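Heads up: the structure comes next, in structure tokens.
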Amino acid sequence: MSKVIHKFTKTVPEWRPRVTPVRLDEATGDQLDALKVTPSNTKVSDYVLVLAHDVETLKVRSPLFNAIMYDRGGLSRAEREVGAVAASIINKCVYCAAVHASRHIQLEKSDELMDVIFAAGEFARLDPRNQAIFNFALRLAKSPSDATEADMNMLRDAGLSDEEIIDLILSSALFGWANRLMHVLGDPVQREKEAPS
């Protein structure tokens, strides 16, 4: 039996669903249509195949995810990943934290920032811009109504434009929702090849 992972890691674990994913060879026409726009336009994950049980929601969810995380302009892709990681840390979503840390590392070609974040969690001390992004995303994940004008001013003082701030709010909010859904639908487990023999 695979071991459920409870500690944050940069190594992306396997996500083991509790609900049987839709099989592509048995999917309905509506399900296949909804699956055409997968997050980041990559392989269809078990998570998305579980979501395919609710076709109408998936038809909206995948384009929204892509628009928030991958559209051009505004906050950089790497900085959107910082927001996703911060929300995932607050929500203790080991899988999402690992996936989005990995994407940040790929984009920046460095794991330095993620090493600091995973070593100190929500108490991480970063450069001023990343610190402002990280702190704001943490606050939104904990309690969105606690965000204040002072928090917005800190983002502006760190050099973020209003467009970038909107992107940060959207990426943090997206993961506030997605983390909680993943917790209910499955578990991050140690990949079989990593399990001790």
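The values are calculated or read from the model by the stated rules, or taken from the named source; none is laboratory data. Computed from a predicted model, the values in this text were never measured in an experiment. Heads up, the Cβs are rebuilt from the backbone with ideal geometry, glycines too, and the neighbour counts pull from every protein chain shown. These accessible areas exclude ligands, DNA and RNA; they are computed on the full protein's heavy atoms, side chains included. Shrake-Rupley method; radii C 1.70, N 1.55, O 1.52, S 1.80 Å.
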Considering only region 72-115, state which residues are farther than 24 Å from Leu185 by Cα, open to solvent by 20 Å² or more (accessible area, probe 1.4 Å) and not charged (D, E, K, R). Gly73, Gly74, Ser76, Ile105, Gln106, Leu107, Ser110, Leu113
I'd like to know if region 81-89 contains one or more residues that are modelled with pLDDT of 90 or more and more than 17 Å from the chain's Cα centre (by Cα). no
Residue under evaluation Ser161, criteria (1) modelled with pLDDT under 95; (2) more than 17 Å from Glu81 (Cα to Cα); (3) over 14 Å from the mean Cα position of the chain (by Cα); (4) not hydrophobic (A, V, I, L, M, F, W, C), criterion not met: (1)
With the requirement that a residue be in a helix (DSSP H, G or I) and open to solvent by less than 20 Å² (accessible area, probe 1.4 Å), what does region 152-162 give you? Leu155
(1) surrounded by 13 or more Cβ atoms within 10 Å (Cβ to Cβ); (2) at negative phi; (3) out of contact with any strand residue (DSSP E or B) (no Cβ under 8 Å at 6 or more places or on another chain); (4) not polar (S, T, N, Q) all hold for Arg23 apart from (1)
All positions within region 143-158 that are closer than 16 Å to Val82 by Cβ and either modelled with pLDDT of 95 or more or not hydrophobic (A, V, I, L, M, F, W, C) (or both): Asp151, Leu155, Ala158
Of the conditions (1) within 13 Å of Phe175 (Cβ to Cβ); (2) assigned to a helix (DSSP H, G or I); (3) open to solvent by 40 Å² or more (accessible area, probe 1.4 Å), Glu122 clears all except one; give me its number. (1)
Would you confirm whether any residue within region 139-149 is touching a residue at least 60 places away in the same chain (Cβ under 8 Å), within 30 Å of Leu49 (Cα to Cα), open to solvent by 50 Å² or more (accessible area, probe 1.4 Å) and among the basic types (Lys, Arg)? no
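Of the residues that make up region 163-171, is at least one open to solvent by less than 10 Å² (accessible area, probe 1.4 Å) and touching a Gly at 6+ places or on another chain (Cβ under 8 Å)? Walk me through how you get there before you give the answer.
Initial filter on region 163-171 (open to solvent by less than 10 Å² (accessible area, probe 1.4 Å)): 165, 168, 171.
Then keep just the ones that are touching a Gly at 6+ places or on another chain (Cβ under 8 Å); that gives 168, 171.
Yes, that holds for at least one residue.
Kindly provide the set of residues from region 105-138 that are of a type in the set (S, T, N, Q) and touching a residue at least 12 places away in the same chain (Cβ under 8 Å), ordered by number.
Step one: filter region 105-138 for residues of a type in the set (S, T, N, Q), giving 106, 110, 130-131, 135.
Correct list: Asn130, Gln131, Asn135.
With open to solvent by 30 Å² or more (accessible area, probe 1.4 Å), of a type in the set (S, T, N, Q) and closer than 28 Å to Asp167 by Cβ as the only criterion, which of Thr57, Thr28 stands out? Can you show your working first?
Numbers: Thr28 fails: closer than 28 Å to Asp167 by Cβ.
Criteria check complete, one pass: Thr57.
Inspect region 13-22 for any residue being within 13 Å of the chain's Cα centre (by Cα) and closer than 30 Å to Asn135 by Cβ and give the result as yes or no.
The answer is no, given that none of the residues of region 13-22 is within 13 Å of the chain's Cα centre (by Cα) and closer than 30 Å to Asn135 by Cβ.
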